Structure formats: structure tokens, C-alpha cells
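Heads up: the structure comes next, in C-alpha cells.
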Amino acid sequence: MKKLVAYITTSYPNREFTVDLALSLKENGVDSLELGVPFSDPVADGPIIEKANLLALKNGFKIEDLFYVTSKIADKIDTLYMGYMNPFYHYGVDEFLKKASSLGVSGTIIPDLPYEMAQKYEDSFKKYNIICAGTIISNI
């Protein structure tokens, strides 16, 4: 089965725009949405995503904004979080996954999550039924 997947940076330019854009993408055929988690040092991203991250942060992005957007969209479109490990770790990985799961998030993409650290959190990802792409762990 083929799916159309889109990516947007949360809270760029603000969280209400993010909600509206996500729902518009769904209405226009997008099956899954990678909801970007802004981070101050997006070293693995290109200049456009880096700029969106930095502008979202400059505009006051907080993790609670991510959860707010998710609460408005996840029951309408398959939602995954894409971001660096630092915000997940800073919030508390287990608590972050618990909250994400309660909101209906189906997976994460964490490109800088090393294999060794991924193993440490494998039980948490499984406990909350969230797929972690980009590492060895997965409960697909």
C-alpha cells in the first residue's frame, strides 16, 4: 500500500496555523503527517527546515504547543513526531511517550537516536505502542 506523507514544523509560524495546515493536508490527500519538533540545533536538516525550526522557537514554541496541535489533529490524520532526541529526553522520554500515546501519535522519527540509547528506551516505546523509526527498535 502506498501512502502520501507530509512534513510540517510545529508552530511555524504559530500553532493555530499548524493545525489548519495539517487538516488541509488531510483534506487534500495526505495519509500521514510528520509533525516536526522544533530544536535549536537541527544539524541533520537542510536550510529550509532549519530556518522553520529557528523561527518557531523565536516565536515561542514550547513542547505544550506540540501536544496542543496533536490534540487537534491526531484523530483525523496519522501523526508521527519527527525531531531530535534532546526535546524527548528533556521532557522525560517515558512521560513524553505516555503523553504522545494518549493523544494518538503512532510513531516517532528521531534521526540522532543512537542504537545503544534506543535499546535503553525500547520498553517505553513498546509500552506506549509507539513506533520508533530510524533505529533498530520497532513494534510494527
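Points worth noting:
- Point-charge dipole on Cβ atoms (K/R +1, D/E -1) for the chain, about Cα centre, debye to 20: 220
- Percent of Cα pairs exceeding the 21 Å cut-off, where the set is the chain: 38
- Net charge of Cβ neighbours under 12 Å - reference G83; Lys, Arg +1; Asp, Glu -1: -4
- Residue order by solvent-accessible surface for S11, S101, S40 is S40, S101, S11, largest first, with ligands and nucleic acids left out and a 1.4 Å probe.
- Centroid-to-centroid separation of region 1-74 and region 93-128 [C-alpha atoms, Å]: 18
- Heavy-atom accessible area with a 1.4 Å probe sorts V69, V43, largest first, into V43, V69.
- Once the C-beta distance of K58 and K3 is scaled by a Förster radius of 35 Å, the resulting FRET efficiency is 0.60 to the nearest 0.05.
- Pairwise Cα distances in region 56-117 exceed 17 Å for 40 percent of all pairs.
- Computed label-point distance, nm, for sites E116 and S101 using a 7 Å Cα→Cβ extension: 2.7
- Heavy-atom accessible surface of the chain: percent carbon and sulfur, 1.4 Å: 54
- With all protein chains kept in place, the per residue accessible area of the chain amounts to 54 square angstrom at a probe of 1.4 angstrom.
- Heavy-atom accessible surface of K126, to the nearest 10 Å², is about 100 Å², with a 1.4 Å probe and all protein chains retained.
- Placed amide H near G36: partners under 5 Å, 5+ positions off or other chain: I8, T9, T10, M82
- Rounded FRET efficiency, nearest 0.05, which uses the C-beta distance separating N86 from E16 and R0 of 25 Å: 0.45
- Phi to ³J(HN,Hα) by Karplus 6.51 cos²θ - 1.76 cosθ + 1.60 over region 115-122, Hz, x for Gly, Pro: 3, 4, 6, 4, 4, 4, 9, 3
- Per-residue surface analysis assigns T18 an accessible area of about 0 Å², computed on protein heavy atoms at 1.4 Å probe radius.
- For region 1-128, the relative contact order is 26 percent, taking Cα pairs closer than 8 Å that sit 6 or more residues apart in sequence and dividing their mean separation by the residue count.
- The heavy atoms of Y12 present about 100 square angstrom of accessible area, all protein chains included, probe 1.4 Å.
- Extension reserve of the S40-D94 stretch, reckoned as 0.36 nm per residue once the Cα distance is removed: 17.2 nm
The values are calculated or read from the model by the stated rules, or taken from the named source; none is laboratory data. Bear in mind that the values here come from a model prediction, so they are computed numbers and not experimental data. Glycine gets a Cβ as well: all are built from the backbone with ideal geometry, and neighbour counts include every protein chain shown. Accessible surface is based on the protein model in full, side chains and every heavy atom, while ligands, DNA and RNA are left aside. Shrake-Rupley method; radii C 1.70, N 1.55, O 1.52, S 1.80 Å.
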